[in-house]
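Everything on this sheet refers to the single structure shown next.
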Amino acid sequence: MALDSDPFLESLETIPLADIDSGAERFRITTRSDLDDLCASIPKLGLLNPPRVLSGVSRFLMVSGFRRVAACRRLGWDRLRVGVMPSDSSPYHCACRAVGDNATQRPLNLIEAGRSLLLLERCAADGKIPPDDAGALGLPSNPGVAAKLKDLCRLPSAVQQGVIECSIPFAMAVELGRMEPALAIDLAGIFRELRIGLNKQREMVSLITEIAHRETIPARRVMQERQLAGLLQAADLDRSQKARQLRKLLRQRRFPALQAAEHHFQALRQQLKLGENIHLTPPQDFEGIGMTLSVVIESLDDIGRLRGKLDELANHPDLKRILDGKRRLFAPASADGLDEQAAS
């Protein structure tokens, strides 16, 4: 049934709340269940958009407005003004009304969009949504995009919640859908906790997968390692600190030569006796070949004093060893190549 061929058949009626069967959630697509915002606004503004119900044999079945009805019940209302759809309304007509009622009030999140597509397909006579109807309801008509949105609704609830919270991007949710459910749930928990972006999420998945392959163990075992699990539970670290240290741990385990290079560099730097005002810093994660030499000055006198120290440093054999070996230590090789260097 095309949307533009169906008139608005609902009649506005005031009915007892007790006559509404909210337990039947066939047409529910909303992911939110909290009611605080509605319980605060309804007493002040009233019910601006009446819920829609379907006239049944003995009670009214909910079509849209599940949260609104629940909020009115919490507020102690006895009666409610609703849009009543005729008992002979087709399931597809009801599904279109349910989706349209939500989509015209606010943007649907990804899970709600997937639920909408599944609902419409289940209710359509031939199991297919007319492209014009999808467009009118703000849903994608592209089969590939629609299929991915529907697949989101089949993911474990922890992953779906991450999508709803916007802590798991659409692209990552699709990747998690290809994994075994237990692994997807574990990763979703980390992403929801750390709130890192898509690129960092992908890097983490890649590191964990490569470690598991390298060590011939399940990927979940990598994530359950004591040091890693302890880091995620550390109460004295914020999300950014946890994310940085987690990345460092995973990279060190995936690329053992990086840790060896760091220890070697630190030993040589210690021999330089730089003091508190001179700092020699390697590239982050030893990627690249450039190092940073910085000085801290508080007065002009510091410049003369540090000049002598820098001249002494320029002739220090351990600095020469660092600079001569920097390409071998810090070259942006694949870490497999670095690991081979460390083993040789």
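If a residue has to be within 19 Å of R59 (Cβ to Cβ) and acidic (D, E) to count, how many in region 82-105 make the cut?
Residues meeting the conditions: 1.
Quick check: anything in region 279-292 surrounded by 11 or more Cβ atoms within 10 Å (Cβ to Cβ) and more than 41 Å from the chain's Cα centre (by Cα)?
Within region 279-292 (the criterion being surrounded by 11 or more Cβ atoms within 10 Å (Cβ to Cβ) and more than 41 Å from the chain's Cα centre (by Cα)), the answer is no, since none of the residues qualifies.
With V57, V69, V53 as the choices, which residue is in a strand (DSSP E or B) and not polar (S, T, N, Q)?
On inspection, the qualifying residue turns out to be V53.
Does any residue of region 75-87 turn out to be part of a loop (DSSP other than H, G, I, E, B) and over 26 Å from P43 (Cβ atoms)? Full working, then the answer.
Residues of region 75-87 part of a loop (DSSP other than H, G, I, E, B): 75-78, 86-87.
From the residues that got through so far, the ones that are over 26 Å from P43 (Cβ atoms) too are 86-87.
Within region 75-87 (the criterion being part of a loop (DSSP other than H, G, I, E, B) and over 26 Å from P43 (Cβ atoms)), the answer is yes, since at least one residue qualifies.
If you check Q252 against the conditions, is it free of Cβ contacts under 8 Å to residues at least 24 places away in the same chain, over 29 Å from L323 (Cβ atoms) and either assigned to a helix (DSSP H, G or I) or open to solvent by less than 30 Å² (accessible area, probe 1.4 Å) (or both)?
no
Just to be sure, is D37 farther than 19 Å from A95 by Cβ, modelled with pLDDT of 90 or more and in contact with a strand residue (DSSP E or B) (Cβ under 9 Å, 6 or more places away or on another chain)?
no
Just one of the numbered conditions (1) more than 27 Å from the chain's Cα centre (by Cα); (2) within 28 Å of T14 (Cα to Cα) is not true of R106; which one?
So R106 meets the others, but not (1).
Among the residues of region 318-325, is there at least one that is surrounded by 13 or more Cβ atoms within 10 Å (Cβ to Cβ), more than 28 Å from Q245 (Cβ to Cβ), at pLDDT 75 or above and charged (D, E, K, R)?
So in region 318-325, the residues surrounded by 13 or more Cβ atoms within 10 Å (Cβ to Cβ) come out as 318-319, 321-322, 325.
Retained after the next criterion (residues that are more than 28 Å from Q245 (Cβ to Cβ)): 318-319, 321.
Filter once more, so that each one left must be at pLDDT 75 or above: 318-319, 321.
Filter once more, so that each one left must be charged (D, E, K, R): 318, 321.
Looking through region 318-325, at least one residue is surrounded by 13 or more Cβ atoms within 10 Å (Cβ to Cβ), more than 28 Å from Q245 (Cβ to Cβ), at pLDDT 75 or above and charged (D, E, K, R).
Here is a yes/no grid of residues against (1) under 8 Å from the mean Cα position of the chain (by Cα); (2) at pLDDT 95 or above; (3) surrounded by fewer than 21 Cβ atoms within 10 Å (Cβ to Cβ):
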| residue | (1), (2), (3) |
| --- | --- |
| C153 | no, yes, yes |
| S167 | yes, yes, yes |
| L183 | no, yes, yes |
| F191 | yes, yes, no |
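Can you give me the number of residues within region 122-140 that are surrounded by fewer than 18 Cβ atoms within 10 Å (Cβ to Cβ), touching a residue at least 12 places away in the same chain (Cβ under 8 Å) and not aliphatic (A, V, I, L, M)?
5
I need the full set of residues from region 71-85 which are touching a residue at least 24 places away in the same chain (Cβ under 8 Å) and open to solvent by 40 Å² or more (accessible area, probe 1.4 Å), in order please.
R73, R74, L75, W77, D78, R79, R81
I need every pair where a residue in region 195-211 that is under 10 Å from R254 (Cβ atoms) has its Cβ under 6 Å from the Cβ of a residue that is of a type in the set (D, E, K, R) and buried (at least 18 other Cβ atoms within 10 Å of the Cβ), sequence separation at least 6 or different chains.
Short answer, once both residue conditions are applied: L207/R254; E210/R254; I211/R253; I211/R254.
For region 277-298, which positions are out of contact with any helix residue (DSSP H, G or I) (no Cβ under 9 Å at 6 or more places or on another chain) and at pLDDT below 85?
The answer is Q284, and nothing else.
Give the residues of region 186-231 that are within 15 Å of L176 (Cα to Cα) and among the hydroxyl-bearing types (S, T, Y), sorted by residue number.
Passing the criteria: S206, T209.
Does F27 qualify as being crowded, with 18+ Cβ neighbours inside 10 Å, out of contact with any strand residue (DSSP E or B) (no Cβ under 8 Å at 6 or more places or on another chain) and under 23 Å from R122 (Cα atoms)? Explain how you work it out, then say what you get.
On the way: crowded, with 18+ Cβ neighbours inside 10 Å: yes; out of contact with any strand residue (DSSP E or B) (no Cβ under 8 Å at 6 or more places or on another chain): no; under 23 Å from R122 (Cα atoms): yes.
No, not satisfied.
What are the residues in region 33-64 that are out of contact with any helix residue (DSSP H, G or I) (no Cβ under 6 Å at 6 or more places or on another chain) and of a type in the set (G, A, S), if any?
S33, A40, S41, G46, S55, G56, S58, listed by residue number.
Name the residue, out of S157, S89, S64, S58, that is of a type in the set (S, T, N, Q) and open to solvent by less than 10 Å² (accessible area, probe 1.4 Å).
None of the others qualify; the one that does is S64.
With L38, L47 as the choices, which residue is more than 30 Å from G162 (Cα to Cα), surrounded by 13 or more Cβ atoms within 10 Å (Cβ to Cβ) and not small (G, A, S)?
Going through L38, L47 in turn, the sole match is L47.
From Q270, Q241, Q233, Q224, which residue is open to solvent by less than 80 Å² (accessible area, probe 1.4 Å) and either under 30 Å from R32 (Cα atoms) or without any contact (Cβ under 8 Å) to a residue 40 or more places away in the chain (or both)?
Testing whether each residue is open to solvent by less than 80 Å² (accessible area, probe 1.4 Å) and either under 30 Å from R32 (Cα atoms) or without any contact (Cβ under 8 Å) to a residue 40 or more places away in the chain (or both) leaves just Q241.
Take L274 and decide whether it is in contact with a Leu (Cβ under 8 Å, 6 or more places away or on another chain), on the phi < 0 side of the Ramachandran plot and at pLDDT below 85.
Numbers: in contact with a Leu (Cβ under 8 Å, 6 or more places away or on another chain): yes; on the phi < 0 side of the Ramachandran plot: yes; at pLDDT below 85: no.
Criteria not met by L274.
The values are calculated or read from the model by the stated rules, or taken from the named source; none is laboratory data. Remember, it's a predicted structure, so these values are computed and weren't measured experimentally. Cβ coordinates were reconstructed from backbone atoms using ideal geometry, including for glycine residues, and neighbour counts include every protein chain displayed. In case anyone asks, the SASA skips ligands and DNA or RNA and just uses the protein heavy atoms, side chains included. Shrake-Rupley method; radii C 1.70, N 1.55, O 1.52, S 1.80 Å.
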